[in-house]
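Data block below; observations after.
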Amino acid sequence: MKPTYYAPEPHKKTPARIIQWLRTHRTRSIVLAGVVSIILVGGVAAFMMSQQPAQSDTTPSAPSPSKKSAPPVVYYSPLTGEKVESEQATKQAVTAIMIENSPDARPQSGLKSAGVVYEAVAEGGITRFLALYQQQKPTLIGPVRSVRLYYVDWLAPYQASVAHVGGSQYALQEVRNGSYRDIDQFFNGSSYWRASDRYPPHNVYTNFERLDALNATKGYTTSNFTSFPRVDGKPAASPTANSVTINISGPLYNTAYTYDATSNTYLRSVAGGPSNDRELGRIAPSVVVAMKVDMSLVFEDGYRESITTSGTGNAVIFQNGIATECTWRKKSRSSPLELLDASGQAVPLIRGQTWIAAVPNGTGGVSWQ
C-alpha cells in the first residue's frame, strides 16, 4: 500500500503579519503604492478615452457661406426708360400718331401719355406732333392729321405702326412701299371717327381700343428697336435751366418750359399759355430736346417744308434743371436718333416723357436761364 501525500496547505498571512511586513519594508511599500496608483490612473484614463467618439482624420472644412438670392429682374420700357412689368412688355408694339397743333386743334387729347414726341413745322409755319406710344394707351387721341416725309424718317427706327389721315406725296409714297406698318385712316376708316364738337379737318380722333385691334389684325404686335439710353433722374442742387424758350416758327407755335424741381419735369407752355392735354391736364415732359435742323421748301404736290433728318447738328438737352449742349446724329432713315457729347458718347436721358423740338437753323432759336 502506497503512502498518501498531501500538498502542504498554503501559508496564510494574517492581517497582523501584513502590517508587520509593511512596517519592515516601508520604502518598498511606498514604491508599490505608487506603481499601483499609476496603473489605476492609467486604466481609468484608457477607459475614458475608449468612450470618446472617434476623431476624423480630415480637417473639417469651413462652412460655406449661404447663397444670397438673386435680386429680382427689373424691366424697362425701351421708349421711356420707365419700369414695366415683364420682358414681354418691353417688346410691346409701338404706335406713332400724327397729332395736329393749330390753335383750332387745342387742347389736344392723348399727348400727355406719349412716350416720345417729335415737334416740327408741317405747313405754313404750323407745327405738328409725331407722338409715339408703347405702354401708356390713352382712351382718346387727336385730332389726327396728315404725315410728312421727315416724320416718317423719325418714326422708322421704332418699328412703329403709323396712324395718320393721308399725307404729302413723298410721305405717302414712302409709307405705302411695303416697308412700314401703315394704318392710314383712308383705308382703315372704322378705326377712326369724326367728333361733333369740332369742325373738319380738326376733328378726326381715335383710341387704342380700336388701334390695338387694327394692329393685331395686321400682325403688328411687337416692336424691336433701340432708343436713347436712360438713367434715373436727380434734380440738380443748383438748377441752371429754370426757364427755357424755344422759337420754332411764330408766336402761335413758340414754346416755353418752366422747370419744376418737385416733379423734376418741365411745364410746357405754348403761345404764352399753359399747354394742356384736354383729359389729363398740363403737359410736363421729363426731358426737352431742342435740335437745330436745316429746313427748306420743296415742291411735291405744291410747295411744302422739308427738314433734313440725316446727318448731324447742334442740340441742347434740358433735364434735371440743367442744360447740356451736344450733337444730334442720325446716320440714315432707319437709324435711331442719337444725342452725343463732345467725345462722341451717347448722353443718357432720364426716364420719362421726352419732347424733341426741331428748331430751324436761321429762323428758330433756343435760350434758357
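Nothing in this text is a laboratory measurement; each read-out follows from the coordinates by a stated rule. Just so it is clear, the structure is predicted and the values come from calculations on it, not from any experiment. FYI the Cβ positions are ideal-geometry reconstructions off the backbone, even for glycines, and counts take in every protein chain you see.
Brief remarks follow.
- Straight-distance candidates among the aspartates and glutamates for linking to Lys234, with alpha-carbon spacing under 13 Å and chain neighbours fewer than 8 residues away dropped: Asp260.
- Start at zero, step by 5 Å, and the Cα-Cα distances of segment 65-196 spread as 2, 10, 19, 20, 18, 12, 7, 3, 2, 2, 2, 1, 1, 0, 0 percent across the bins.
- Distance distribution note for segment 75-368: the fraction of Cα pairs above 25 angstrom is 44%.
- Projecting the Cα atoms of Ala256, Asn361, Gly281 onto the charge dipole of segment 75-368, computed from C-beta unit charges around the Cα centre, puts Gly281 farthest toward the positive end.
- Residues of segment 210-247 with an amide N closer than 19 Å to a point placed 7 Å from the Cα of Asp341 along the Cα-to-Cβ direction: 228-241.
- Net length available on complete extension from Thr226 to Thr312 is 29.1 nm, with 0.36 nm assigned per residue and the Cα-Cα distance removed.
- Using a Förster distance of 30 Å, the FRET efficiency for Arg278-Ala70 (Cβ separation, nearest 0.05): 0.10
- Between Ala216 and Ser238, the FRET efficiency estimated from the beta carbon spacing at R0 = 45 angstrom works out to 0.35.
- Each part reduced to its alpha carbon centroid, segment 291-343 and segment 169-228 end up 25 Å apart.
- Packing-based exposure ordering (other Cβ within 10 Å, fewest first) of Thr221, Thr127, Thr90: Thr221, Thr90, Thr127
- Local net charge near Ala171, Cβ-Cβ under 11 Å (Lys/Arg +1, Asp/Glu -1): -3
- Dipole check for segment 75-368: with +1 at the C-beta of Lys and Arg, -1 at the C-beta of Asp and Glu, and the Cα centre as origin, the magnitude is about 180 Debye.
- Computed extension gain for Ala261 through Ala195, at 0.36 nm per residue and net of the alpha carbon distance, reaches 20.0 nm.
- 15 Å reach of a label modelled at Phe186, 7 Å along Cα-to-Cβ, counting backbone N of segment 305-332: none
- Gln173-Ala89 pseudo-label distance in nm [points 7 Å out on the Cα-to-Cβ vector]: 4.3 nm
- Here's how it looks for Leu349: its modeled amide H is under 5 Å from those of Arg230, Val231, which are all 5 or more places away or on a different chain.
- Where chymotrypsin sites (Phe, Trp or Tyr not before Pro) fall in DSSP loop in segment 170-219, at most 10 other Cβ within 10 Å: Phe187
- In this rough spin-label picture, where each label sits 7 Å from Cα along the Cβ direction, the Asn361-Gln136 distance is 3.4 nm.
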